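Written below as structure tokens is the structure these notes are about.
The values are calculated or read from the model by the stated rules, or taken from the named source; none is laboratory data. From a predicted model like this one, the values you see are computed outputs, not experimental measurements. With ideal geometry, Cβ positions are generated from the backbone for all residues, glycine too; neighbour counts draw on all protein chains shown.
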């Protein structure tokens, strides 16, 4: 009579065949199992976004003029207040000299008038008029000095010169951008997070960033700001994450961002391959007394290849990872890897929650 034919995981005996006693022989399914084990688990939200500089400035001239000297090049680091361009300033210098001479003249006239006023030789009105003229001349001098300072175009922030749009001898127009300066020391990336996470995402949470442009490296950051408002159209809220440039990260780089908002040092977990999710109910096949038993489970965090088990299983229970497609409740099974049960190994990377 035909006996059981065993194959790989999921292989079953052909049958029902007939045993030596003439009775139908039961089907036996070969399976592989893993055992419920403890491992660190973390919950996080993952998304993708482009890096942006927190500080960026378009440099414009506050006066028109011919560029006498352009002092910086693209890619050069500049400090706040550093002179970038020197414009022609001969006219502005002459105006400063003119108004300065006028101020000196009025200061002397006002001083003499005050002396004469004590001798009743000039009227109080004349003294007041000289004082007002002196104040007006001083204001004109300050304006002339301010106009002269505008011929020196300076960097409003510290950073890298990302672009330059003028050359020596070019006419610079008022309010036309001539440089773009980017501060690469502090970079940000903005994520749109579903509203279900509004209670768990908060400022200060750790963030990991990975980039295709820099394979094999993970950059650490933190949540800088969380919007208090949920967008009614998309059902999301804005989360701004911050990273130090570290000389590697650059604005415009596109990366994958992971915000870890909860961690468990020891959680019961099984391989994701063991989970049955048909009909919306999470369940697994375990092995009891040589037979498959379908067990409903409540799951928690999901991390990479592993699923946290909140209830339904006990530590070290076997769960079927291969061959479960041929199983039904009560079917006899043969565990072909029983001598070496697979236990989850701790993993460092965090993944999405269920």
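Structure above, values below:
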quantity: Filtered residues of segment 47-67 (kept if over 30 Å from residue 164 (Cα atoms) and exposed (fewer than 15 other Cβ atoms within 10 Å of the Cβ)); calculated: 48
quantity: Residues located in segment 267-314, provided they are surrounded by fewer than 16 Cβ atoms within 10 Å (Cβ to Cβ), assigned to a strand (DSSP E or B) and within 33 Å of the chain's Cα centre (by Cα); calculated: 298, 310
quantity: Options 247, 204: the member that is surrounded by fewer than 13 Cβ atoms within 10 Å (Cβ to Cβ) and closer than 30 Å to residue 71 by Cβ; calculated: 247
quantity: Qualifying positions in segment 207-236 - touching a helix residue (DSSP H, G or I) at 6+ places or on another chain (Cβ under 7 Å) and on the phi > 0 side of the Ramachandran plot; calculated: 235
quantity: Residue count for segment 34-70, restricted to those that are within 30 Å of residue 284 (Cα to Cα) and in contact with a helix residue (DSSP H, G or I) (Cβ under 8 Å, 6 or more places away or on another chain); calculated: 2
quantity: Flag if residue 168 is touching a residue at least 12 places away in the same chain (Cβ under 8 Å), surrounded by 12 or more Cβ atoms within 10 Å (Cβ to Cβ) and over 17 Å from the mean Cα position of the chain (by Cα); calculated: yes
quantity: Complete set of residues in segment 191-201 that are assigned to a loop (DSSP other than H, G, I, E, B) and touching a residue at least 40 places away in the same chain (Cβ under 8 Å); calculated: 200, 201
quantity: Unmet requirement for residue 122, which otherwise passes all of (1) in contact with a helix residue (DSSP H, G or I) (Cβ under 6 Å, 6 or more places away or on another chain); (2) not in a loop (DSSP other than H, G, I, E, B); calculated: (2)
quantity: Out of 84, 106, 130, sole residue that is at pLDDT 95 or above and either buried (at least 16 other Cβ atoms within 10 Å of the Cβ) or not in a helix (DSSP H, G or I) (or both); calculated: 84
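Residues are listed down the side, and each one gets a yes or a no for (1) farther than 13 Å from residue 31 by Cβ; (2) at pLDDT below 85:
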site: 280; (1), (2): yes, yes
site: 297; (1), (2): yes, no
site: 300; (1), (2): yes, yes
site: 321; (1), (2): no, no
site: 332; (1), (2): no, no
site: 337; (1), (2): no, yes
